[in-house]
Amino acid sequence: MADDSGRRTVGTAPLVEIRGVTKSFDAVRALQGVDLTIEEGTVTALLGDNGAGKSTLVRCLTGVHSPDGGEILFRGETIKLGSPDDARHLGIETVFQDLGLIEDLQVWQNLYLNRELTRGFVPLRVLDKKQMIANSATILADLDVNVPNVRATVRRMSGGQRQSVAIARAANWGTTLVIMDEPTAALGVRETAAVEKLIGRLRSNGVTVLLVSHDMDQVMRVADSAWVLRRGRTAANRRMADTTGDELVGLITGAIAGDAGA
Ligand SMILES: Nc1ncnc2c1ncn2[C@@H]1O[C@H](COP(=O)(O)OP(=O)(O)O)[C@@H](O)[C@H]1O
Ligand SMILES: [Mg+2]
């Protein structure tokens with residue numbers, strides 16, 4: 001569906017609305033009243049210089065941090081996310097900037113962390129290790145991830161491989177919203193292309209994606225629209241069709257004055 005400005009208007013409300021969200025860490029005012037919306041079924045980029053508040057906002061959206069003030073609405077209803085489990089129950093999955101993998105576990109164990117498959121019936125239920133290992137190999141193959149063995153321990157993997165495992169986990173479980181905080185920062189050209197393809201695939205499947213990225217070419221390639229944060233405030237919102245990489249860089253640095261929220 002599209003309104004007369006051509007904007008995608010799936011449903012009656014955006015998937016996520018952030019209204020006046022604030023978050024401080026002692027004296028650091030990381031978020032000083034952020035307003036933004038994420039339209040359902042789109043790829044929305046979240047841009048901003050280092051320290052602008054992107055990761056803090058991502059953590060508020062995934063139940064890691066509780067905002068000090070403001071509101072988060074999901075499908076039009078105010079929600080309180082007390083933990084990552086709350087976000088998970090809404091189908092929100094995140095690739096955190098620090099990846100959130102457990103180093104001493106194997107790849108398949110990380111993919112199934114907190115959602116282990118079991119077989120049999122209580123009280124004889126057992127972990128279905130064989131199935132999880134087989135599924136993990138399929139999940140990674142589908143993503144074109146270069147991890148030779150799903151039984152490898154994460155500790156022994158390269159940065160790119162770890163990043164791919166974290167992305168595979170979020171993409172596999174995220175049914176509503178997949179949030180990626182700088183997902184390709186550690187990846188090579190081929191792996192980056194695979195992640196961009198995956199983002200396109202999630203979108204085709206109706207999954208909404210929030211993408212934090214510093215790569216303007218990537219943002220121009222994969223996003224439908226972008227929000228720019230500057231020093232903890234919303235500075236601008238652009239549809240990709242109406243902007244350029246240069247304009248986005250200007251909005252990020254402040255060389256171009258913002259116009260939204262702030
Ligand atoms: N857990 C924390 N404790 C203290 N300060 C933090 C914490 N997380 C973020 N900050 C501070 O909040 C600001 C925004 O950080 P962040 O959200 O990581 O920005 P970005 O992801 O846009 O680079 C920075 O000044 C950062 O140092
Ligand atoms: Mg960050």
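The values are calculated or read from the model by the stated rules, or taken from the named source; none is laboratory data. Everything quoted here is computed from the prediction, not taken from an experiment. Glycine gets a Cβ as well: all are built from the backbone with ideal geometry, and neighbour counts include every protein chain shown. Ligands, DNA and RNA are stripped out before the accessible areas are found, and what is left, the full protein with its side chains, is counted by its heavy atoms. Shrake-Rupley method; radii C 1.70, N 1.55, O 1.52, S 1.80 Å.
I'd like to know if the stretch 176-188 contains one or more residues that are more than 16 Å from ligand 2 (Cβ to nearest atom) and over 30 Å from Q32 (Cα atoms).
Yes: one or more hits.
Within the stretch 174-262, considering only strands (runs of 3 or more DSSP E) that don't extend past its boundaries, which have at least 2 residues that are among the β-branched types (V, I, T) and under 28 Å from P84 (Cα atoms)?
Where strands (runs of 3 or more DSSP E) fall fully within the stretch 174-262 and carry at least 2 residues being among the β-branched types (V, I, T) and under 28 Å from P84 (Cα atoms), they are 177-181, 208-212.
If we keep just the residues of the stretch 174-195 that are closer than 16 Å to D98 by Cβ and among the β-branched types (V, I, T), which is surrounded by the most Cβ atoms within 10 Å (Cβ to Cβ)?
I179
Conditions: (1) within 14 Å of K54 (Cβ to Cβ); (2) free of Cβ contacts under 8 Å to residues at least 40 places away in the same chain; (3) touching a Gly at 6+ places or on another chain (Cβ under 7 Å). D215 meets all but one. Number of the miss?
Only one criterion is unmet by D215, namely (3).
Anything in the stretch 25-42 that is free of Cβ contacts under 8 Å to residues at least 60 places away in the same chain and either among the aromatic types (F, W, Y) or more than 30 Å from S204 (Cα to Cα) (or both)? List them, or say none.
Answer for the stretch 25-42, where residues must be free of Cβ contacts under 8 Å to residues at least 60 places away in the same chain and either among the aromatic types (F, W, Y) or more than 30 Å from S204 (Cα to Cα) (or both): F25, D26, A27, V28.
Has the stretch 202-209 got any residue that is of a type outside the set (A, V, I, L, M, F, W, C), at positive phi and either open to solvent by 30 Å² or more (accessible area, probe 1.4 Å) or within 16 Å of ligand 2 (Cβ to nearest atom) (or both)?
Of the stretch 202-209, the ones of a type outside the set (A, V, I, L, M, F, W, C) are 203-206, 208.
Narrowing the set further to residues that are at positive phi leaves 206.
Now restrict to residues that are either open to solvent by 30 Å² or more (accessible area, probe 1.4 Å) or within 16 Å of ligand 2 (Cβ to nearest atom) (or both): 206.
Scanning the stretch 202-209, I find at least one residue that is of a type outside the set (A, V, I, L, M, F, W, C), at positive phi and either open to solvent by 30 Å² or more (accessible area, probe 1.4 Å) or within 16 Å of ligand 2 (Cβ to nearest atom) (or both), so the answer is yes.
Could you figure out which of (1) more than 16 Å from ligand 2 (Cβ to nearest atom); (2) under 30 Å from E40 (Cβ atoms); (3) among the hydrophobic types (A, V, I, L, M, F, W, C) isn't true of F96?
F96 satisfies all of (1) more than 16 Å from ligand 2 (Cβ to nearest atom); (2) under 30 Å from E40 (Cβ atoms); (3) among the hydrophobic types (A, V, I, L, M, F, W, C) except (1).
Please go through (1) open to solvent by 80 Å² or more (accessible area, probe 1.4 Å); (2) at negative phi; (3) not small (G, A, S) for E40 and return the number of the only condition it doesn't satisfy.
Evaluating E40 over (1) open to solvent by 80 Å² or more (accessible area, probe 1.4 Å); (2) at negative phi; (3) not small (G, A, S) leaves (1) as the failure.
Of the conditions (1) surrounded by 14 or more Cβ atoms within 10 Å (Cβ to Cβ); (2) at pLDDT 95 or above; (3) of a type in the set (S, T, Y), T78 fails just one. Which one is it?
That leaves (1) as the condition not met.
Matching residues to (1) free of Cβ contacts under 8 Å to residues at least 40 places away in the same chain; (2) within 16 Å of ligand 1 (Cβ to nearest atom); (3) more than 22 Å from V209 (Cβ to Cβ):
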| position | (1), (2), (3) |
| --- | --- |
| A137 | yes, no, yes |
| N149 | no, no, yes |
| A152 | no, no, yes |
| A166 | no, no, no |
| P183 | no, yes, no |
| E191 | no, no, no |
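Mind checking which pairs have a first residue in the stretch 240-259 that is under 18 Å from D224 (Cβ atoms) and a second that is among the charged types (D, E, K, R) and in a helix (DSSP H, G or I), Cβ under 8 Å, 6 or more apart or different chains?
G245/D217
Name the pairs whose Cβ atoms lie under 6 Å apart, with the first residue in the stretch 46-64 and open to solvent by 10 Å² or more (accessible area, probe 1.4 Å), the second more than 9 Å from ligand 1 (Cβ to nearest atom), and 6 or more positions between them or separate chains?
Qualifying pairs under 6 Å: D49/I252.
Let's see how each residue does on (1) among the aliphatic types (A, V, I, L, M); (2) at pLDDT below 95:
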residue: V222; (1), (2): yes, no
residue: V228; (1), (2): yes, no
residue: A235; (1), (2): yes, no
residue: R239; (1), (2): no, no
residue: T244; (1), (2): no, no
residue: V249; (1), (2): yes, no
residue: I252; (1), (2): yes, no
residue: A257; (1), (2): yes, yes
residue: A262; (1), (2): yes, yes
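If I ask for residues that are assigned to a loop (DSSP other than H, G, I, E, B) and out of contact with any Asp or Glu (no Cβ under 9 Å at 6 or more places or on another chain), which ones from the stretch 23-40 would you list? Even if it seems obvious, please write down each step before you answer.
Of the stretch 23-40, the ones assigned to a loop (DSSP other than H, G, I, E, B) are 26-27, 39-40.
D26, A27, E40 - these are the residues of the stretch 23-40 that are assigned to a loop (DSSP other than H, G, I, E, B) and out of contact with any Asp or Glu (no Cβ under 9 Å at 6 or more places or on another chain).
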